[in-house]
Amino acid sequence: MPGRWGKGAGRLAVAIALLGGLAWWAPWRGSSAPGTAPASTTERGAGEGRGGPAQAKASIRRTSLPPLPPAGLPLDTSAPALLARADAGDPVAACRLGEGLLRCRDIAAWEATDAMAGTDMAESFARSGNLRAAVAIDEQRLWRLEQLAHCDALDEKLKTRGGEFLARAARAGNRHAMVAYASGIHFDHRGGYAASREFDDWRRDSPGMLQRALQAGEPSAVMLLLMAYQDDSNFASALIPDDPERAYAFHLLANRLFGYTVSDDYARSLDAAAMRRARELARQMHERHFEGRKLDGKLAHVLPPALQRPDGYPQDPCVPEA
């Protein structure tokens with residue numbers, strides 16, 4: 001197997017470290033209550049998608065649109081139909097197109113920095129006799145190269161619009177897009193993004209989007225809100241003020257929902273009354289937003305649009321499961 005294929009895992013570790021390093025940034029924090037958006041944002045989100053002339057007009061426009069392409073088609077094949085539907089206001093098409101374009105962006109950057117990779121992990125695993133791990137790394141690299149070939153066939157201007165389409169889908173209420181957008185995965189971290197209007201829109205809207213995604217039953221919103229209330233350890237967490245009691249409630253919700261273990265360390269700063277309130281809040285959220293269900297732990301995290309083949313995840317996360 002080609003040696004340089006194993007460098008993908010090393011680069012993934014570097015990328016994770018870089019993302020974690022963004023916690024120093026501590027950006028603007030809104031004055032709204034934790035996990036809620038300003039009133040203007042909430043009102044705008046609540047009004048989208050209602051009936052009336054605008055919806056009727058959209059329905060008329062959609063009568064001549066191509067059908068939504070099947071999930072799993074190469075992006076260069078599905079992009080024309082996704083673009084037409086996204087421009088007509090279809091949030092699922094906008095979500096899928098946005099994530100596909102972001103995947104193209106990130107895979108291209110990943111492969112361009114191949115020389116920066118560390119130890120060839122695939123060859124190391126193979127030499128140690130762990131052929132399954134070596135093959136898995138090589139398969140991931142092959143998947144990325146296949147995706148990159150499809151990306152190369154896209155229009156160059158379209159390639160730069162991934163964040164735009166993801167934001168459209170999020171603002172239209174697509175629950176997966178709301179969490180993906182709120183996580184900040186659409187920003188190009190090479191510089192300059194924090195001085196943009198898009199960044200201001202994101203930091204204003206993201207807390208409310210996370211709350212609405214939770215209320216809509218999006219499992220991945222639980223973990224982002226847990227981290228946001230707990231500390232400022234990732235890109236979006238600093239947007240929401242820390243709250244140990246609510247953080248503990250979300251740890252308990254993750255236990256109820258995904259079976260995650262809850263350490264007593266998470267409650268060490270709470271008194272008995274606060275712990276009781278946290279337990280009751282976790283119970284209420286589990287019943288209200290998830291109907292008391294148990295879910296696969298793989299649904300706990302928003303699927304990054306790039307770098308890793310989505311083994312075991314829903315094939316089309318932009319279409320929420322019933």
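Go through the range 45-89 and report how many residues are modelled with pLDDT under 95, in a helix (DSSP H, G or I) and either exposed (fewer than 13 other Cβ atoms within 10 Å of the Cβ) or over 22 Å from the mean Cα position of the chain (by Cα) (or both).
Summing the residues that are modelled with pLDDT under 95, in a helix (DSSP H, G or I) and either exposed (fewer than 13 other Cβ atoms within 10 Å of the Cβ) or over 22 Å from the mean Cα position of the chain (by Cα) (or both) in the range 45-89 gives 12.
Based on this model, can you work out whether residue 266 counts as in a helix (DSSP H, G or I) and in contact with a Lys or Arg (Cβ under 6 Å, 6 or more places away or on another chain)?
Working: in a helix (DSSP H, G or I): yes; in contact with a Lys or Arg (Cβ under 6 Å, 6 or more places away or on another chain): no.
In short, no.
Can you tell me how many residues within the range 163-176 are of a type outside the set (D, E, K, R), at pLDDT 95 or above and under 24 Å from residue 108 (Cα atoms)?
4
I'd like to know if the range 149-160 contains one or more residues that are over 17 Å from residue 105 (Cα atoms), out of contact with any strand residue (DSSP E or B) (no Cβ under 6 Å at 6 or more places or on another chain) and aliphatic (A, V, I, L, M).
The initial filter retains those residues of the range 149-160 that are over 17 Å from residue 105 (Cα atoms), namely none.
Within the range 149-160, not a single residue is over 17 Å from residue 105 (Cα atoms), out of contact with any strand residue (DSSP E or B) (no Cβ under 6 Å at 6 or more places or on another chain) and aliphatic (A, V, I, L, M).
Of the residues 170, 149, 134, 122, which single one is of a type in the set (Gly, Ala, Ser), in a helix (DSSP H, G or I) and surrounded by fewer than 17 Cβ atoms within 10 Å (Cβ to Cβ)? If you could, list the steps in order and put the result at the bottom.
Numbers: 170 fails: surrounded by fewer than 17 Cβ atoms within 10 Å (Cβ to Cβ); 134 fails: surrounded by fewer than 17 Cβ atoms within 10 Å (Cβ to Cβ); 122 fails: surrounded by fewer than 17 Cβ atoms within 10 Å (Cβ to Cβ).
Of 170, 149, 134, 122, the one residue that is of a type in the set (Gly, Ala, Ser), in a helix (DSSP H, G or I) and surrounded by fewer than 17 Cβ atoms within 10 Å (Cβ to Cβ) is 149.
In the range 200-259, which residues are of a type in the set (Lys, Arg), in contact (Cβ under 8 Å) with a residue 60 or more places away in the chain and farther than 25 Å from residue 187 by Cα?
Scanning the range 200-259 gives a single hit, 246.
Just give me the residues in the range 292-318 being part of a loop (DSSP other than H, G, I, E, B), under 23 Å from the mean Cα position of the chain (by Cα) and at pLDDT 75 or above, in sequence order.
Filtering the range 292-318 for residues part of a loop (DSSP other than H, G, I, E, B) gives 292-296, 301-318.
Add one more test, that the residue is under 23 Å from the mean Cα position of the chain (by Cα), and what stays is 293-296, 301-318.
Scanning the range 292-318 gives 293, 294, 295, 296, 301, 316, 317, 318.
If you go through the range 230-253, how many residues are at pLDDT below 95 and of a type in the set (Phe, Trp, Tyr)?
1
Is one or more of the residues making up the range 238-249 under 17 Å from the mean Cα position of the chain (by Cα) and either surrounded by fewer than 21 Cβ atoms within 10 Å (Cβ to Cβ) or assigned to a helix (DSSP H, G or I) (or both)?
yes
I'd like the full set of residues that are in a helix (DSSP H, G or I) and either of a type in the set (Ser, Thr, Tyr) or in contact with a Lys or Arg (Cβ under 7 Å, 6 or more places away or on another chain) (or both), limited to the range 206-224. Spell out how you get there, then give the answer.
Of the residues in the range 206-224, the ones in a helix (DSSP H, G or I) are 206-215, 220-224.
Correct list: 206, 213, 220.
Is the range 112-132 home to any residue that is under 20 Å from residue 69 (Cα atoms), among the hydrophobic types (A, V, I, L, M, F, W, C) and within 25 Å of the chain's Cα centre (by Cα)?
Narrowing the range 112-132 to residues under 20 Å from residue 69 (Cα atoms): none.
So far as the range 112-132 goes, no, none of its residues is under 20 Å from residue 69 (Cα atoms), among the hydrophobic types (A, V, I, L, M, F, W, C) and within 25 Å of the chain's Cα centre (by Cα).
The values are calculated or read from the model by the stated rules, or taken from the named source; none is laboratory data. These numbers come from a predicted model, not from an experiment. Neighbour counts run over all protein chains shown; Cβ positions are idealised from the backbone, glycine included.
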